[in-house]
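These notes concern the structure reproduced below.
The values are calculated or read from the model by the stated rules, or taken from the named source; none is laboratory data. Everything quoted here is computed from the prediction, not taken from an experiment. Methodologically, a virtual Cβ is constructed for each residue, glycine included, from the backbone with ideal geometry; neighbour enumeration extends over all protein chains shown. The protein model used for the area step is the full one, side chains on, heavy atoms only, and it has no ligands, DNA or RNA in it. Shrake-Rupley method; radii C 1.70, N 1.55, O 1.52, S 1.80 Å.
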Amino acid sequence: MARGWLNIGDHATMLPIPHVLLLILDLGGTFVFAVSGAMVAVKHRLDILGVLVLAFVTGNVGGMTRDVLIGAVPPAAIEDWTYLAVSVAAGLVTFIWYPVTDRLRFHMLWFDAVGLAFFAVAGAEKALVYGVSPAMAAILGMLTGVGGGMLRDMLVVEIPVVLRADLYALAALAGAAVVVGGHLLGVSPVMTTAVGGVLCFALRFMAIRRGWHLPAAKTPQGQLDELQSENRPHDEAR
């Protein structure tokens with residue numbers, strides 16, 4: 001099976017993931033996340049440029065941030081025009097046929113879970129290839145999966161969904177941790193990426209189906225009522 005090569009300075013390092021599969025899943029995940037970003041943009045009544053910007057941000061910022069942090073510059077999303085084309089296509093499809101994509105919102109959760117799983121394990125693998133410490137490689141794997149969504153929500157002035165959704169960031173971290181653990185134990189990278197991806201998807205799947213979530217901070221009822229009353233004029237103004 002063919003493998004991809006990654007240039008680091010003057011040396012070429014063989015990636016443990018088949019190049020064609022890496023590219024297909026990477027672009028597939030980019031498209032799925034870009035659609036979710038475009039859907040949020042349309043929901044907030046942004047214009048066509050705003051839709052395309054949020055689509056690109058959601059689909060690519062996580063990977064771009066990881067690449068900059070590990071020294072893989074220029075980031076793949078900037079070096080390869082295909083990432084931009086996929087993001088723009090996702091944004092246009094969502095903008096033009098929003099009633100159709102909105103009806104598929106629930107099904108998009110499953111595609112999003114697949115994209116999250118792959119980005120988490122691929123992000124951790126790439127960080128390990130660049131010599132990042134195991135603990136930070138796991139965190140960078142999680143960042144790859146959730147970074148774009150966090151910036152998307154911040155741009156539309158919302159609490160990032162990855163900080164409040166059912167086992168979203170934790171699922172990404174778990175999948176990335178499997179990759180890192182396999183690296184430390186000398187297990188085949190292909191096997192660990194597969195197991196890590198399945199674990200990430202399974203956790204997200206069960207969270208969606210069963211409503212699994214981490215404990216949330218408890219606010220006294222009096223403080224909660226006060227916060228709601230403070231936010232009400234702002235919400236009405238919007």
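Within the stretch 153-174, the residues that satisfy the criterion of being more than 12 Å from ALA120 (Cβ to Cβ) and in a loop (DSSP other than H, G, I, E, B) are VAL156, VAL157, GLU158, ILE159, PRO160, ARG164, ALA165, ASP166, LEU167.
GLY197 falls short of the stated requirement of being crowded, with 22+ Cβ neighbours inside 10 Å, touching a residue at least 40 places away in the same chain (Cβ under 8 Å) and within 24 Å of LEU52 (Cβ to Cβ). Any residue that is of a type in the set (D, E, K, R), at pLDDT below 90 and open to solvent by 50 Å² or more (accessible area, probe 1.4 Å) - is there at least one of those in the stretch 38-55? Scanning the stretch 38-55, I find at least one residue that is of a type in the set (D, E, K, R), at pLDDT below 90 and open to solvent by 50 Å² or more (accessible area, probe 1.4 Å), so the answer is yes.
Restricting LEU214, LEU203 to residues that are surrounded by fewer than 19 Cβ atoms within 10 Å (Cβ to Cβ) and without any contact (Cβ under 8 Å) to a residue 60 or more places away in the chain narrows the list to LEU214.
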